[in-house]
Amino acid sequence: MSTNRTNQPPQAAAAVGSDEGAAPDARQLRTILISVSIALMAVIASVSGLNVAQTHLAVEFGATQSMVLWIINIYTLALAALLLPFGALGDRWGRKPMLIAGLAVFGVASVAAGLAPTAEVMLAARVAGGIGAAMIMPITLAVITSTFPEEQRGRAIGVWTGVAGGGGIIGMFLSALLVDVADWRRLFVLPVVLVIVALVMTLRSVPNSRERSSHAFDVLGALLSTVAVVGLIFVLQEGPERGWTAPTTLIGLAAGVIAAIVFMAWELHRADASLLDVRLFRERGLAGGSITLLVVFGVQAGIAVVLFPFFQAVLGWSGLLSTLAMMPMAVMMMATSGLAPRTAARIGARSTMTVGIATAGIGLALMALFVSVDGGYPSILPGMLAMGVGMGLSMTPSTEAITSSLPHGKQGVASALNDVTREFGTALGVALLGALLSAGYRDAIDDRLHGIPRGTADTAREGVANALEAADGAGSHAPDLVQAAQQSFVDGWRQAMWAGVAIMGVLFVHIALCGPKNTALAGEGAVDRHEVEAELP
């Protein structure tokens, strides 16, 4: 870690609340880690769970595709927008109370969503769920960084990172299973159960910690950050649907960029009393960790956009089987996230990050080189496994670099910054790789539609799923149309994968030259175990 404690801004001196009590023992630390991991899993599983029920939502509520997408995306939008303000409030009010409040809001919202009689009620419930999730997510990591002793903190962050990275795939699989064997409304049973378990364990086991600051809360900074995040993520979510030059898209972009610029100027003006001291981005650990998470999570999300149509449209698999096919990558990611701290202790944080980035890039290259219609799942499995290993190795030291770069009393803000970076990366990756896949597909299929009736050909150009649907009424042209669509999708896949390889290559060079110092990250600059409250039973 490259932070020099003597060079930290004055806000680093903010005290962390400390009540009398013994430091947690090993058993209590395990219980704390399980508690926050379960809470995090509830939040992550709800990000992607509804994707498998889009058709059911449209039929149940008589909703348009636009409304269905809003029901799915509004949760992520509310979550990302409020992470930084709630992370900062958790630092001030106490992380345990914020976590309990967030679990309560999230649980009630999940019940309301499961019982929603109309699309409008469902939309409101998803907004409330996103608000609750924003209260939970940054606090789960802040509890770890403010509670675990230096020698165990890295491994605990590795577990948190594994859940954050692989939890979405696991949640999607469980959601698809519930949709297949029961009813789509049962999707909300999983997060409710997880919330109840996490709430009971939090009340019994999680200690409290908080910042003591003489400065007033940065309300304007919180509002500006919210507008900036809403504007920019709205553009990434809606741009592909509405068009990148549509007035709504341009207005969102302008609002997001202006708010971000004003936010940075305001935070520099407030300096020591800021919500987020933007001067800290000069620090190699914070900058390198943030950029790495942005890219890695972006590529991961983009891969999902590519993989699911491949499984369903090219291989003809069900939604449940498609999510099951993603599990090997999730398992490898979660396993190597836990091993990354040991690797960083041996070869250094920057070396571990570069090895992970290179491995993930190799995985993308393997998928680009060997994917084929006839090769099926085995043609992409080695690349998926390499991707999982690479992401696990790079995410854990990146997360620890971010949390270790901010002062003792700002761990909620550090955790929120980590989470906001993830959400931006996810939205950016989906938009970028999805657009590259679509463009590659259209370019490739144009050369394969000779002899296909014009109306059918126009439908086929819209996407591989549209082409397969049009093939049902294409008569003798059906086999040729199916083959053209599937092969064109594979060509678009390769274009998206090679773009991912190029992005990972640029990231590799940047981190190798400008990443965190090549030292073990655990604990340096982070919270000492004796500087936190220990309200343990």
Practice task
Specify which of the listed residues (Gly356, Gly383, Gly376, Gly392) is surrounded by 22 or more Cβ atoms within 10 Å (Cβ to Cβ) and either farther than 27 Å from Leu417 by Cα or among the aromatic types (Phe, Trp, Tyr) (or both).
Solution key: Gly383
Completion exercise
Being in a helix (DSSP H, G or I), touching a Phe, Trp or Tyr at 6+ places or on another chain (Cβ under 8 Å) and not basic (Lys, Arg) narrows Leu320, Leu307, Leu385 down to just Leu320
Practice task
Examine region 192-207 for a residue that is of a type in the set (S, T, N, Q) and out of contact with any Ser or Thr (no Cβ under 9 Å at 6 or more places or on another chain), and state whether such a residue exists.
Solution key: no
Exercise for the section: Kindly indicate whether Ser404 is modelled with pLDDT under 85 and crowded, with 24+ Cβ neighbours inside 10 Å. Expected result: yes
Problem - Options Gly302, Gly285, Gly298: the member that is at pLDDT 85 or above and either under 26 Å from Ala427 (Cα atoms) or not in a helix (DSSP H, G or I) (or both) - result: Gly298
Problem - Total residues in region 414-461, condition charged (D, E, K, R) and within 12 Å of the chain's Cα centre (by Cα) - result: 3
Fill in the blank from the handout: Given (1) surrounded by 15 or more Cβ atoms within 10 Å (Cβ to Cβ); (2) under 19 Å from Val305 (Cα atoms); (3) modelled with pLDDT of 80 or more, Thr459 misses just (2)
Practice task
Would you confirm whether any residue within region 94-102 is outside any helix (DSSP H, G or I), under 30 Å from Ala216 (Cα atoms) and of a type outside the set (A, V, I, L, M)?
Solution key: yes
Exercise for the section: Assess whether Ala344 counts as being more than 30 Å from His56 (Cβ to Cβ) and either among the β-branched types (Val, Ile, Thr) or buried (at least 22 other Cβ atoms within 10 Å of the Cβ) (or both). Expected result: yes
Fill in the blank from the handout: If you go through Ser394, Ser372, the only one that is in the same structural domain as Gly302 (by TED's automatic domain parsing) and not in a helix (DSSP H, G or I) is Ser372
Practice task
From Thr245, Thr249, Thr226, grab the single residue that is closer than 20 Å to Arg422 by Cβ, of a type in the set (S, T, N, Q) and either in contact with a Gly (Cβ under 7 Å, 6 or more places away or on another chain) or not assigned by TED's automatic domain parsing to the domain that holds Phe86 (or both).
Solution key: Thr226
Exercise for the section: Would you be able to say whether some residue in region 139-151 is surrounded by 24 or more Cβ atoms within 10 Å (Cβ to Cβ) and either closer than 27 Å to Leu57 by Cα or within 15 Å of the chain's Cα centre (by Cα) (or both)? Expected result: yes
Completion exercise
Those residues of region 496-525 that are under 16 Å from Ala358 (Cβ atoms) and at pLDDT below 75 come to a total of 1
Exercise for the section: Might you let me know whether region 252-268 holds any residue that is buried (at least 22 other Cβ atoms within 10 Å of the Cβ), in contact (Cβ under 8 Å) with a residue 24 or more places away in the chain and touching a Lys or Arg at 6+ places or on another chain (Cβ under 8 Å)? Expected result: no
Exercise for the section: Search region 55-79 for residues that are free of Cβ contacts under 8 Å to residues at least 12 places away in the same chain and pair each with any residue that is of a type in the set (A, V, I, L, M) and part of a helix (DSSP H, G or I) when their beta-carbon atoms are under 6 Å apart and the residues are at least 6 apart or on different chains. Expected result: Ala58/Val68
Practice task
Name the residue, out of Ser318, Ser351, Ser337, Ser274, that is surrounded by fewer than 17 Cβ atoms within 10 Å (Cβ to Cβ) and in contact (Cβ under 8 Å) with a residue 60 or more places away in the chain.
Solution key: Ser318
Exercise for the section: Please indicate, with yes or no, whether at least one residue in region 235-247 is surrounded by 19 or more Cβ atoms within 10 Å (Cβ to Cβ), under 30 Å from Thr147 (Cα atoms) and at pLDDT below 90. Expected result: no
Exercise for the section: Would you mind telling me which numbered condition in (1) over 30 Å from Pro138 (Cβ atoms); (2) in contact (Cβ under 8 Å) with a residue 24 or more places away in the chain; (3) of a type in the set (A, V, I, L, M) Ala457 fails? Expected result: (2)
Handout entry: Filtered residues of region 39-71 (kept if in contact with a Ser or Thr (Cβ under 9 Å, 6 or more places away or on another chain), among the β-branched types (Val, Ile, Thr) and at pLDDT 85 or above)
Key = Val43
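Residue-wise test of (1) in contact with a helix residue (DSSP H, G or I) (Cβ under 9 Å, 6 or more places away or on another chain); (2) more than 20 Å from Thr292 (Cα to Cα); (3) assigned to a helix (DSSP H, G or I); (4) without any contact (Cβ under 8 Å) to a residue 40 or more places away in the chain.
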{"site": "Gly158", "(1), (2), (3), (4)": "yes, no, yes, no"}
{"site": "Gly166", "(1), (2), (3), (4)": "yes, no, yes, no"}
{"site": "Ile169", "(1), (2), (3), (4)": "yes, yes, yes, no"}
{"site": "Met172", "(1), (2), (3), (4)": "yes, yes, yes, no"}
{"site": "Val192", "(1), (2), (3), (4)": "yes, yes, yes, no"}
{"site": "Met201", "(1), (2), (3), (4)": "yes, yes, yes, no"}
{"site": "Ser209", "(1), (2), (3), (4)": "yes, yes, no, no"}
Handout entry: Residue check for Leu468: more than 22 Å from Met504 (Cβ to Cβ) and surrounded by fewer than 21 Cβ atoms within 10 Å (Cβ to Cβ)
Key = yes
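The values are calculated or read from the model by the stated rules, or taken from the named source; none is laboratory data. Computed from a predicted structure; not experimentally measured. With ideal geometry, Cβ positions are generated from the backbone for all residues, glycine too; neighbour counts draw on all protein chains shown.
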